[in-house]
Amino acid sequence: MDSFFKNIEKKTGVNMNEVLELANSLQNADFKDEKTVRQVIQRVSQIANKKVPKETEDRIVKTIVADGKQLDFNTISDMINKKK
C-alpha cells in the first residue's frame, strides 16, 4: 500500500501524509461553521499548491454551509478546479 501512495505522490506532487491528516481532521469537523469550512478550503488549497480566489472560496463556503452540501476532498477539489 505504501508504494501506492508513493506513486500518487510522484504523479500529483501532493504529499499523501498531508492528505491523510486532512481526511482525519474532516471526520469531526462542523461543516455548518463558516470558519471551519474556510480553514478546510485553505488547507486543501495549500496541499494542492493552488491558490483559491476569494470569489471561489465564497462560492464553496455558501454551497457547503448554506446549501448543506456534503464536504469531502473531491467536492472541494472539483469546486477549486471548476471553470467559471
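The values are calculated or read from the model by the stated rules, or taken from the named source; none is laboratory data. Every value quoted in this text rests on a predicted model; they were computed, and no experiment measured them. Cβ: placed from backbone, ideal geometry, glycine included. Neighbour counts: every protein chain shown. Each accessible area value is taken on the protein alone, full model and side chains, heavy atoms only, with ligands, DNA and RNA left out. Shrake-Rupley method; radii C 1.70, N 1.55, O 1.52, S 1.80 Å.
Conditions tested, residue by residue: (1) open to solvent by 80 Å² or more (accessible area, probe 1.4 Å); (2) within 15 Å of residue 74 (Cβ to Cβ); (3) in contact with a strand residue (DSSP E or B) (Cβ under 7 Å, 6 or more places away or on another chain); (4) not charged (D, E, K, R).
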{"residue": "6", "(1), (2), (3), (4)": "yes, no, no, no"}
{"residue": "27", "(1), (2), (3), (4)": "yes, no, no, yes"}
{"residue": "35", "(1), (2), (3), (4)": "yes, no, no, no"}
{"residue": "44", "(1), (2), (3), (4)": "no, yes, no, yes"}
{"residue": "51", "(1), (2), (3), (4)": "yes, no, no, no"}
{"residue": "58", "(1), (2), (3), (4)": "no, no, no, no"}
{"residue": "62", "(1), (2), (3), (4)": "yes, no, no, no"}
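Name the one entry in 50, 35 that is assigned to a helix (DSSP H, G or I), modelled with pLDDT of 80 or more and over 17 Å from residue 23 (Cα atoms).
Exactly one of 50, 35 is assigned to a helix (DSSP H, G or I), modelled with pLDDT of 80 or more and over 17 Å from residue 23 (Cα atoms), namely 35.
Under 12 Å from the mean Cα position of the chain (by Cα), among the basic types (Lys, Arg), modelled with pLDDT of 80 or more and not in a loop (DSSP other than H, G, I, E, B), is that true of residue 43?
Numbers: under 12 Å from the mean Cα position of the chain (by Cα): yes; among the basic types (Lys, Arg): yes; modelled with pLDDT of 80 or more: yes; not in a loop (DSSP other than H, G, I, E, B): yes.
So residue 43 fits the description; yes.
What number of residues within the range 7-24 are out of contact with any helix residue (DSSP H, G or I) (no Cβ under 8 Å at 6 or more places or on another chain) and either within 24 Å of residue 65 (Cα to Cα) or not charged (D, E, K, R) (or both)?
Looking only at that region, the number is 7.
Just the residues that are touching a residue at least 24 places away in the same chain (Cβ under 8 Å) and part of a loop (DSSP other than H, G, I, E, B), please, taken from the range 10-28.
13, 14, 15
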